[in-house]
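The values are calculated or read from the model by the stated rules, or taken from the named source; none is laboratory data. The shown structure was predicted, so the numbers you read here are calculated from the model rather than taken from an experiment. Please note: Cβ atoms are built from the backbone with ideal geometry, for glycine as well, and neighbour counts cover all protein chains shown. Each accessible area value is taken on the protein alone, full model and side chains, heavy atoms only, with ligands, DNA and RNA left out. Shrake-Rupley method; radii C 1.70, N 1.55, O 1.52, S 1.80 Å.
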Amino acid sequence: MALRQAWQKAGKVLNGGALVSPGSTFARALSTSSDPLTLEIPVPFKGHKVDPPSSTVETSAAELVDFFRTMFVMRRMEIAADSLYKSKFIRGFCHLYDGQEAVCVGMEAALNDKDCIITAYRDHCTHLGRGGTVLEVFAELMGRKDGCSLGKGGSMHMYNKKGGFYGGNGIVGAQTPLGAGLAFAQKYLKVDGVTLAMYGDGAANQGQLFEAMNISALWDLPVIYVCENNHYGMGTAEWRSAKSPEYYKRGDYVPGLKVDGMDCLAVKQAVKFAKEYSLKNGPMVLEMDTYRYHGHSMSDPGSTYRTRDEISGVRQERDPIERIRKLLLSHEFASVADLKAIEKEAKKEVEDALAKAKESPSPDAPELFSHIYRKSYGAEAYGADRKESTVKLP
Amino acid sequence: MVRRRFSFGLVSRLSSPIYGRSPCSGGIWTPCLGQKRSFMTAKDLVESEEPEKKVTNRINMFSAINQALHTVLDSDPKSYVFGEDVGFGGVFRCTTALRDKFGRHRVFNTPLCEQAIVGFGIGLASMGNRAIAEIQFADYIFPALDQIVNEAAKYRYRSGNLFNCGGLTVRAPYGAVGHGGHYHSQSPEAFFCHVPGIKVVIPRSPSQAKGLLLASIRDPNPVVFFEPKWLYRLAVEEVPVDDYTLPLSSAEVMRKGSDITLVGWGAQLAIMEEACDEVSKLGISCELIDLRTLIPWDKELVEDSVNKTGRLLAPVTGGFGAEIAASITNSCFLRLQAPVSRVCGLDTPFPLVFEPFYMPTKNKIVDAIKASVNF
């Protein structure tokens, strides 16, 4: 204990574990030590045709602080998106991820930039995790030029090429065979990375998922099928739509692991394990037991098919941000004031990004016709009478 | 999109009677060669009386569809309604109260699996049941396209009439709403319009929806019924409370005119009506036709109309306008005084923020009408 306090004092002088540049607002009593720290995952893994990994996970104070900060930014971003939608800055569809942050944050802790992620439409935070910025997310939500997809995709279609994030897909389940294809490319080109093909409990009943699993298992593709089981496919509870809601077993011959998706560390451990497995042996299914606080989308109040008690119960007992907060406080890696300061910074970051995104202009009208084909060979897109407004596709 | 209440007045049928008993009936549906319309409508359709004389209720489109479904489930014990979320009433409220009244063995939810929903419906129908499958949005119908095209449409033909899935009706909300984006706004009816063996029906208003849906469900052929989701709440009309059907493969002239024929279906007709009103101020008289059934379509009526006016404009959302244009050009070539024109969505994927540019708006239609008349 004394050693830790001495270290923290030294950290004030020497600027912590050399992870933060001088003058940064992190140079305070907050521990940024990257000393390895082992923690126990409270909810055990459950394995299907595979021995689950150990429930002792290696992490560090710096990593936990980073988890906290990232998840808090994501949470603020989603809540800001909620109010943006209600004030009609965002139109169309908006599927919020709050409650599920631990999944994408935990995943990123075990992945690098050689890995690819492809997911469904609840993708704002996954995009952030892959290297996107809050500004890009807000601008894309509002359909502005500075959005990651130039404002042409919207909430459901966020992509990041450098970060290997293949979106952002609207049709439920359609992204899973794409994931198999990405994995094939990685294997063939010896990239030494895996693909995480994410889907939900609703999509788990789509035929194309099983086709994809069969192909991946047949050809030993390094793909990890991550089922984000938030227990409700829109308004349908898992037990009403699936004969077997044990989604980690649904791969049958594909081994699977059930993970507490509200625990960043468990997710990190599972993804690390799955990545090692997958690079050698082929596909694996990870079922993340998680929960979303909002409804399916902004047009769903989220309380007609589940009780408010259930939602607040999960928020009290399993909230991923609170879990990390308790860890940080109990191990004294941060004080309450430190965490408040991080929260304040995060709120400011989100607000600044929001203000900037609101100033971003809408895409220009010719963008309607761009990017339909790569090279259109003179194909024409027609206006009303084909005389005045015929556009040769760029 | 400005929220306006559209009341569609009921227009009495002005064209030559097409519906009713056909000479080729024999108790079994068979194709009738030699007629301009190559398929006949069901033999046991009831001719609808003038609705004004009936007891009506002022309701919107989803209520009208709901009434139709209640009627079917009431009258036929071997009819079933199923799809994603239909149990609690559906995302558009079209299936409200069905499960409470008829039980969860006849009105039930399916998991998220469009291909299986339609395939399951085909199987159910081939055992002589009325299977009414709902696809939550027409944009999601594509996994089921194989089942519809390869299984449903060809069942009777390939089995030499031993089996058929005529009791299948696939309902799907289609069309733009102003903010739907890529995957909640598409109008895929054209994909189904080139498949002999199925029928494609699209209503334009609540009273049409109830009558056409009842006719579609009772038609002994598989029908894909697209409902314009924009009109679910917006269109309010006096709808007869009782059981009535409107004939399939029978187009309706909504307003008579002499200068140009406009053909359309579904929600687009509301926009076209506005365009017709606007050009009437310039002295252009438009004949507006609601096709109602896209395949098999009422070619005779459209030809008669074009022979009268000499011009055709097919402002529709989707590719079926091409078929109409080609067909009419072929049959009315010498009569045409201007090239057949089409006003459609642009040749781009359905956009997100650009929707106002993409849509075939009233002004685009007015421009096209003027261009055609002044050719």
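Quick notes
- Qualifying positions in segment B:325-375 - exposed (fewer than 15 other Cβ atoms within 10 Å of the Cβ) and of a type in the set (Val, Ile, Thr): B:THR329
- Enumeration of residues in segment A:191-230 that are within 14 Å of another protein chain (Cβ to nearest Cβ), open to solvent by less than 30 Å² (accessible area, probe 1.4 Å) and of a type in the set (Phe, Trp, Tyr): A:TYR199
- Among the conditions (1) within 14 Å of chain B (Cβ to nearest Cβ); (2) outside any helix (DSSP H, G or I); (3) surrounded by 13 or more Cβ atoms within 10 Å (Cβ to Cβ), the only one that A:ALA334 does not satisfy is (1).
- A:ILE90 meets all of the listed conditions (1) in contact with a Leu (Cβ under 6 Å, 6 or more places away or on another chain); (2) open to solvent by 10 Å² or more (accessible area, probe 1.4 Å); (3) at pLDDT below 95 but one, namely (2).
- As a summary of the residue check, A:ASN112 satisfies the conditions (1) crowded, with 24+ Cβ neighbours inside 10 Å; (2) more than 17 Å from A:ARG323 (Cβ to Cβ) except for the one numbered (1).
- Test: residue in segment A:136-157 that is buried (at least 23 other Cβ atoms within 10 Å of the Cβ), within 11 Å of chain B (Cβ to nearest Cβ) and of a type in the set (S, T, N, Q): yes
- Cβ separations smaller than 6 Å between residues 6+ apart or across chains give the following pairs from segment B:158-185 residues that are on the phi > 0 side of the Ramachandran plot to residues that are open to solvent by less than 10 Å² (accessible area, probe 1.4 Å): B:GLY175/B:PRO228; B:GLY181/A:GLY92; B:GLY181/A:GLY154.
- In this entry, B:ILE324 passes the filter for residues that are more than 11 Å from chain A (Cβ to nearest Cβ) and either of a type in the set (D, E, K, R) or touching a Lys or Arg at 6+ places or on another chain (Cβ under 9 Å) (or both).
- Candidates B:THR309, B:THR361, filtered to the one that is more than 30 Å from B:ALA153 (Cβ to Cβ) and under 22 Å from the mean Cα position of the chain (by Cα): B:THR361
- Every pair of residues 6+ apart whose Cβ atoms lie under 9 Å, when the first sits in segment A:199-220 and is closer than 15 Å to A:GLU287 by Cα and touching a residue at least 60 places away in the same chain (Cβ under 8 Å) while the second is hydroxyl-bearing (Ser, Thr, Tyr) and open to solvent by less than 10 Å² (accessible area, probe 1.4 Å): A:TYR199/A:THR119; A:TYR199/A:THR176; A:TYR199/A:TYR225; A:ALA203/A:THR176; A:MET213/A:THR176; A:MET213/A:TYR225
- B:GLY160 vs. criteria crowded, with 24+ Cβ neighbours inside 10 Å and either part of a loop (DSSP other than H, G, I, E, B) or away from chain A (no Cβ under 12 Å) (or both): no
- Number of the exception - A:ARG315 against (1) open to solvent by 60 Å² or more (accessible area, probe 1.4 Å); (2) farther than 19 Å from A:TYR97 by Cβ; (3) more than 14 Å from chain B (Cβ to nearest Cβ): (2)
- The residue list A:TYR247, A:TYR188 contains one member that is open to solvent by 10 Å² or more (accessible area, probe 1.4 Å) and among the aromatic types (Phe, Trp, Tyr), which is A:TYR188.
- Segment B:328-375, residues that are facing chain A (nearest Cβ under 10 Å), in contact with a strand residue (DSSP E or B) (Cβ under 8 Å, 6 or more places away or on another chain) and touching a residue at least 60 places away in the same chain (Cβ under 8 Å): B:ILE365, B:ILE369, B:SER372
- Considered as a group, the residues in segment A:177-200 that are assigned to a strand (DSSP E or B) and not aliphatic (A, V, I, L, M) include one that is farthest from A:PHE165 (Cα to Cα), and that residue is A:GLY200.
- Condition check for A:ASP192 on (1) without any contact (Cβ under 8 Å) to a residue 24 or more places away in the chain; (2) over 18 Å from the mean Cα position of the chain (by Cα): one failure, at (1).
- Hits in segment A:347-366 - residues which are within 8 Å of chain B (Cβ to nearest Cβ) and either at pLDDT below 65 or touching a Gly at 6+ places or on another chain (Cβ under 8 Å) (or both): A:SER362, A:PRO363
- Counting only helices (runs of 4 or more DSSP H) that sit wholly inside segment B:302-375, those with at least 3 residues that are more than 30 Å from A:GLY153 (Cα to Cα) and assigned by the TED database to the domain that holds B:VAL279 are B:320-332, B:362-373.
- Scanning segment A:173-185 for residues that are within 14 Å of chain B (Cβ to nearest Cβ) and either buried (at least 24 other Cβ atoms within 10 Å of the Cβ) or closer than 12 Å to A:PRO283 by Cα (or both) yields A:GLY173, A:GLN175, A:THR176.
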